[in-house]
Structures are given as structure tokens and as C-alpha cells.
Amino acid sequence: MQARILIIEDVREMADLIRLYLQKEGVEATISDSAEDALQEFERQRFDLVVLDINLPGMDGFEFLQRIRHTSSVPVIIVSARDADEDMILGLGIGADEFVTKPFSPKVLVARVRAMLRRTTDLKASPNSIRFGDFLLDIDGYLLKKGGEKIPLSSKEFEVLAYLATHAGKALSPDTIYADVWRNQFGDITAVAVYVQRLRRKIEADPAAPQFIETVHGMGYRFNAEALHA
């Protein structure tokens with residue numbers, strides 16, 4: 001598994017432990033002990049995934065996540081000693097893909113990293129880009145654009161949209177979407193409807209009457225093949 005990961009963690013012992021386990025998987029890991037330093041690293045190089053602590057000196061992890069989501073759909077796994085439901089809901093709501101509570105098993109964290117990177121690799125085996133309406137879905141760049149402007153998407157939002165768009169014209173059940181996108185790990189099938197609603201709010205002129213992600217009553221969802229551009 002060849003990948004480059006950014007670890008944002010101000011407790012050096014914890015950061016070194018995570019990096020050690022990732023290096024055993026052949027992953028190149030960079031450590032930042034503050035969100036400010038991490039933003040600079042983001043400008044210097046491209047990362048395939050971010051492991052993000054919330055409690056950081058200065059800017060916290062939530063603000064960091066909000067900032068990078070304006071320009072990047074990179075997968076983000078939050079690791080935090082804060083286990084309140086409100087923190088988890090906030091983190092996932094502003095664009096995190098996983099929320100892992102400390103203390104955690106490094107082996108479990110690496111398993112989640114591996115699964116997330118595998119999904120990203122699978123997506124990049126799809127067509128390089130898909131055009132629909134005024135949008136360009138850049139598979140290689142892992143981003144969505146509308147008229148040249150980047151539309152902020154979380155990694156999971158991007159994966160759901162890419163999955164639907166690459167299966168345009170086919171009615172897909174929530175079970176099928178969940179099995180292929182989430183791979184039946186670390187989630188619940190109800191998440192499919194949640195992510196579809198999030199996507200509709202971002203790409204549909206009228207989310208209540210969608211022209212791209214259609215509801216197939218009694219079945220699930222279908223991406224409108226007629227919306228695709230050759």
C-alpha cells in the first residue's frame with residue numbers, strides 16, 4: 001500500500017506510534033504538531049489521507065478540517081479523546097470520514113486507513129472525469145467543480161457521488177451502495193440516505209426535485225444518465 005499520509009497530533013509519542021504502524025504498511029507519514037503547520041504542509045505536498053486530532057494548540061482540528069474542505073476532498077480520519085456525540089456529529093458533518101476515539105488500537109486504525117485508501121484507489125480506476133450539468137467530477141483529482149469553482153465535498157460524499165455517476169442509469173439499492181462504498185465497515189446503511197441528501201443540497205438546483213440523483217421508489221437511487229455529457 002503506497003500512500004502519503006499527514007498525521008496532525010501534538011502528543012509526539014502518539015504521533016510517532018501511529019507513524020510506526022503506518023510505516024510497517026509501507027506508508028510514508030508526515031507529522032505536524034499544529035494545524036497551522038499542517039496547513040503549510042498541505043501547500044507543499046499532496047496527501048492521500050489525513051489522521052487528525054481535534055485538541056490542538058492554537059487552531060483546533062475542526063477549524064483545520066473546515067479550511068481544507070474548501071479545496072480538498074482528501075479522506076480524513078479524526079482521532080480524539082473527546083467522545084461526546086456532539087463532537088462526532090460535528091466532525092462528520094463538516095467533512096470527516098471516520099471518527100476514532102482514544103484510546104484506540106493502532107492496528108485497528110491502520111485497518112481503517114487501509115480500507116479507506118483501497119476505496120480511493122478503486123475510484124481512480126474509473127474514468128478520469130465525468131461531466132454532468134455544469135459540473136465536472138474529476139476522479140483523479142478527487143474533486144468536484146462547477147464552472148471552474150471547486151465544490152467542497154468530504155471524501156465519503158465524493159465516493160458516493162462517483163459511485164452513482166459511474167453507474168449512471170442503473171437503479172441501486174441502499175444495500176448495494178453501502179456494500180460497495182462503505183464495504184460494510186464502520187457504519188450503518190442509513191448513512192446512504194444521509195449522504196444522498198447532503199449531495200443533493202450541493203449539486204441540485206432544487207433538492208426536493210432532483211435532476212441528477214433520482215429516487216427510484218421501492219428500489220433506491222439512480223443517477224440520471226441523460227444528464228451526462230459525452
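The values are calculated or read from the model by the stated rules, or taken from the named source; none is laboratory data. Note that this is a predicted model, so its numbers are computed, not measured. Positions of Cβ are backbone-derived with ideal geometry, glycine not excepted, and every protein chain shown enters the neighbour counts. Each accessible area value is taken on the protein alone, full model and side chains, heavy atoms only, with ligands, DNA and RNA left out. Shrake-Rupley method; radii C 1.70, N 1.55, O 1.52, S 1.80 Å.
Results, tabulated for the structure shown:
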item: Fraction of beta bridges assigned by DSSP in the chain that are antiparallel (%, nearest 5); result: 50
item: Heavy-atom accessible surface of the chain: percent carbon and sulfur, 1.4 Å; result: 48
item: Mean accessible surface per residue for the chain, computed with a 1.4 Å probe while every protein chain stays in place, in Å²; result: 47
item: In order through the stretch 14-24: 3J(HN,Hα) via Karplus (6.51 cos²θ - 1.76 cosθ + 1.60), integer Hz, x for Gly, Pro; result: 5, 4, 5, 5, 4, 4, 4, 5, 5, 5, 5
item: Nonlocal Lys pairs with alpha-carbon distance under 23 Å, the chain (8 or more apart, or different chains); result: 18
item: Gain in span if fully extended, Arg46 to Val216, counting 0.36 nm per residue against the direct Cα distance; result: 57.4 nm
item: Helix-only mean residue ellipticity at 222 nm for the chain, each DSSP H run of n ≥ 4 adding -39500 (n - 2.57), per residue, nearest 500; result: -11500 deg cm²/dmol
item: Accessible area of Phe104 in the full protein assembly, 1.4 Å probe (Å², nearest 10); result: 40
item: Isotropically averaged projected area of the stretch 1-137, using the convex hull of Cα atoms (one quarter of hull area), nm²; result: 8.8
item: Accessible area in the full protein assembly, largest first, 1.4 Å probe, for Arg131, Arg44; result: Arg44, Arg131
item: Estimated D of the stretch 95-179 in µm² per second, where Rh is the Kirkwood radius over Cα pairs and Stokes-Einstein applies at 10 °C, 1.306 mPa s; result: 110
item: Cα-based radius of gyration of the chain once divided by 2.2 N^0.38 Å, which approximates compact folds; result: 1.02
item: Under-5 Å amide H pairs with Met59, H placed in peptide plane, nonlocal only; result: Ala35, Glu36
item: For the stretch 1-46, average projected area of the Cα convex hull in nm²; result: 2.9
item: For Leu39, net neighbour charge (Lys/Arg +1, Asp/Glu -1) across residues whose Cβ lies under 12 Å away; result: -3
item: Radius 12 Å from Cβ of Tyr178, net charge of other residues (Lys, Arg +1; Asp, Glu -1); result: -2
item: Label zone at Ala84, where the point sits 7 Å out along the Cα-to-Cβ direction: the stretch 36-62 residues whose backbone N lies under 16 Å; result: 54-56, 60-62
item: GluC sites (Glu not before Pro) lying in DSSP loop within the stretch 1-100, provided at most 16 other Cβ fall within 10 Å; result: Glu25
